[in-house]
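S.K.: Okay, here's the structure, questions in a sec.
The values are calculated or read from the model by the stated rules, or taken from the named source; none is laboratory data. The model shown is predicted, which means the values in this text are computed figures rather than measured ones. Positions of Cβ are backbone-derived with ideal geometry, glycine not excepted, and every protein chain shown enters the neighbour counts. The protein model used for the area step is the full one, side chains on, heavy atoms only, and it has no ligands, DNA or RNA in it. Shrake-Rupley method; radii C 1.70, N 1.55, O 1.52, S 1.80 Å.
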Amino acid sequence: MGKFTKFSLPLKSLPKGTHHFEFVPDKKFFEDMESSAIHDAALKCDVEVKYNGDIYDVTFHITGEVTVQCDRCLEEMPWPIDATYHIEVRYGDTFADDSDELIEIPSNMNELNVAYMIYDTVSLAVPIKHVHPLGKCNRQMMALLHKHRVASKNDEDAELENDLMDGIDDDDAGEGEEQAASASDPRWAALRDFAAESDGDADEDEYDN
């Protein structure tokens, strides 16, 4: 049995009329898709199929949320999903998907696997850039990234600096939990090492002068 066998519509056996199906794309679904952007998912996909004897009118409606990585502080964050996708399907001699609105499948196919349609619909619902709301990013990570910015003195990173500073929250609640969680995260260690090296370089420059 294939990884996505359960994500199939039994088109050949459907009588005329309207039919409803439900799929649940979860964490394993996106792992099997080898998705690097979506780390987890709690989704429901409702599919409506209207068949008139010739054309299958298929509409997907996907709701729930996925877990992605914040581009600003690198922490995981939930992202809401409410997306739709529509396609018409009909039987023909060979498989053809030249149109964005209609696909043809061979007459010997009893089922249509829609796993990749679901995956593409969810992926397109997640913007290229996804960040926490202002003030919700991890404070320690934001402070280290800002120190990185100051140490590098790269004018081309001015926009990044503004984003980082906007994301620093004055609320200290939960700081202890953040520090404990950061202790085992290799990303923090790398940034601390960079900060330490930058401080060392600055001290050497001052001594040389």
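S.K.: Determine the equivalent ellipsoid of the stretch 66-106 by diagonalising the alpha-carbon gyration tensor, then write out the semi-axes as square roots of 5 times the eigenvalues, largest first, rounded to whole Å.
M.R.: That gives 38, 11, 8 Å for the three semi-axes.
S.K.: Quick check on my link table: of Lys6/Lys136; Lys3/Lys129; Lys28/Lys50; Lys27/Lys136; Lys6/Lys27, which ones sit more than 27 Å apart, alpha carbon to alpha carbon?
M.R.: Going by Cα-Cα distance, Lys6/Lys136; Lys3/Lys129; Lys28/Lys50 fall outside the 27 Å limit.
S.K.: Starting from the Cα-Cα distance between Leu102 and Asp82, subtract it from 0.36 nm times their residue separation and give me the gain in nm to one decimal.
M.R.: Taking Leu102 through Asp82 to full extension adds about 4.9 nm, to one decimal.
S.K.: What spacing in nm lies between the two simple spin-label points modelled at His61 and Leu124, each 7 Å away from Cα in the Cβ direction?
M.R.: Taking the two extended label points, one gets 1.8 nm.
S.K.: What accessible area, in Å² to the nearest ten, does a 1.4 Å probe give for Thr67?
M.R.: Approximately 30 Å² of Thr67 is accessible to the 1.4 Å probe.
S.K.: Taking Cα centroids, how far is the stretch 85-120 from the stretch 1-56 in Å?
M.R.: Taking the Cα centre of the stretch 1-56 as reference, the centre of the stretch 85-120 is 12 Å away.
S.K.: On to the next question. From largest accessible area down, sort Ser99, Ser13, Ser35; use a 1.4 Å probe on the protein chains.
M.R.: Descending accessible area places them as Ser13, Ser99, Ser35.
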